[in-house]
Amino acid sequence: MARIPLVEAESATPDVKEIYEKLLRGKPGNAQKALAHRPDMLKNFLAFYASVGRSLDRKLYEMIYLRVSFINGCHYCQQHHLASSKRVGLTPEDWKALKEGDYARFTGKEQTALAYAEKLTRASRDITDEDVEKLKKHFSDAEIVDLHLLVGLANLTNRFTDPLGLEVEFPEEKI
């Protein structure tokens, strides 16, 4: 159960109603309903969220988001990204491997990104020049920036959704 009231469309201010209708096609999720307590933040966050990771392959984007969410134990984000990961071809076997941190089934590029995302999540202070050099073998500078922002975004949403008690809005996947 949400630990703060969610802003439903019926009680939303006109600017939030406009965001719900125009940017969210009338279907805000619980994360957006919580963010709606700060309308400017909601609008800016949606634009930021939509822009992060766009230089990365969408499958890799979902793999990274899921791995970070598994590390952090964020149920809400796991469920949302399990759903979206199906649309880019990830399977229940892939999910299990990501949950367990077993990257053997993935490509070398994916393994490099996932290992880096894990280290960035668990111990960002321990990132070394060598770690970044490994990334540079597979990724452009723009992609490295996107990878960092994506890991940061996943960590941010992991620390926003579950701690606020936000519930998943659709039938859940089992892993």
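Criterion first (part of a helix (DSSP H, G or I), of a type outside the set (Ser, Thr, Tyr) and either modelled with pLDDT of 95 or more or under 19 Å from ASP146 (Cβ atoms) (or both)) does ASP102 satisfy it?
Numbers: part of a helix (DSSP H, G or I): no; of a type outside the set (Ser, Thr, Tyr): yes; either modelled with pLDDT of 95 or more or under 19 Å from ASP146 (Cβ atoms) (or both): yes.
Taking the combined requirement at face value, the residue does not satisfy it.
Which count do you get for residues in segment 26-70 that are hydroxyl-bearing (Ser, Thr, Tyr) and either part of a loop (DSSP other than H, G, I, E, B) or open to solvent by 10 Å² or more (accessible area, probe 1.4 Å) (or both)? Can you show your working first?
First, pick out the residues of segment 26-70 that are hydroxyl-bearing (Ser, Thr, Tyr): 49, 51, 55, 61, 65, 69.
With the extra rule that they be either part of a loop (DSSP other than H, G, I, E, B) or open to solvent by 10 Å² or more (accessible area, probe 1.4 Å) (or both), the set shrinks to 49, 51, 55.
The total comes to 3.
Among the residues of segment 129-144, is any part of a helix (DSSP H, G or I) and under 17 Å from the mean Cα position of the chain (by Cα)?
yes
Tell me, which residue of segment 1-21 that is among the acidic types (Asp, Glu) and farther than 21 Å from GLY165 by Cα is most open to solvent (accessible area, probe 1.4 Å)?
This residue is GLU10.
Return only the number of the condition from (1) closer than 30 Å to ALA12 by Cα; (2) surrounded by fewer than 16 Cβ atoms within 10 Å (Cβ to Cβ); (3) not hydroxyl-bearing (Ser, Thr, Tyr) that GLY73 does not satisfy.
Exception for GLY73: condition (1).
Test GLU173 against the stated conditions and say whether it is open to solvent by 40 Å² or more (accessible area, probe 1.4 Å) and without any contact (Cβ under 8 Å) to a residue 12 or more places away in the chain.
Details: open to solvent by 40 Å² or more (accessible area, probe 1.4 Å): yes; without any contact (Cβ under 8 Å) to a residue 12 or more places away in the chain: no.
No, not satisfied.
Every residue in segment 85-121 that is of a type in the set (D, E, K, R), surrounded by 12 or more Cβ atoms within 10 Å (Cβ to Cβ) and under 19 Å from the mean Cα position of the chain (by Cα), please.
Going through segment 85-121, the residues of a type in the set (D, E, K, R) turn out to be 86-87, 93-94, 96, 99-100, 102, 105, 109-110, 118-119.
Cutting the leftovers down to surrounded by 12 or more Cβ atoms within 10 Å (Cβ to Cβ) gives us 86, 94, 96, 99, 105, 109-110, 118-119.
Passing the criteria: LYS86, ASP94, LYS96, LYS99, GLU110, GLU118, LYS119.
The values are calculated or read from the model by the stated rules, or taken from the named source; none is laboratory data. It should be emphasised that the depicted structure is a prediction, and the values quoted were computed from it without experimental measurement. Please note: Cβ atoms are built from the backbone with ideal geometry, for glycine as well, and neighbour counts cover all protein chains shown. Areas reflect the complete protein model, heavy atoms only, side chains present, ligands, DNA and RNA absent. Shrake-Rupley method; radii C 1.70, N 1.55, O 1.52, S 1.80 Å.
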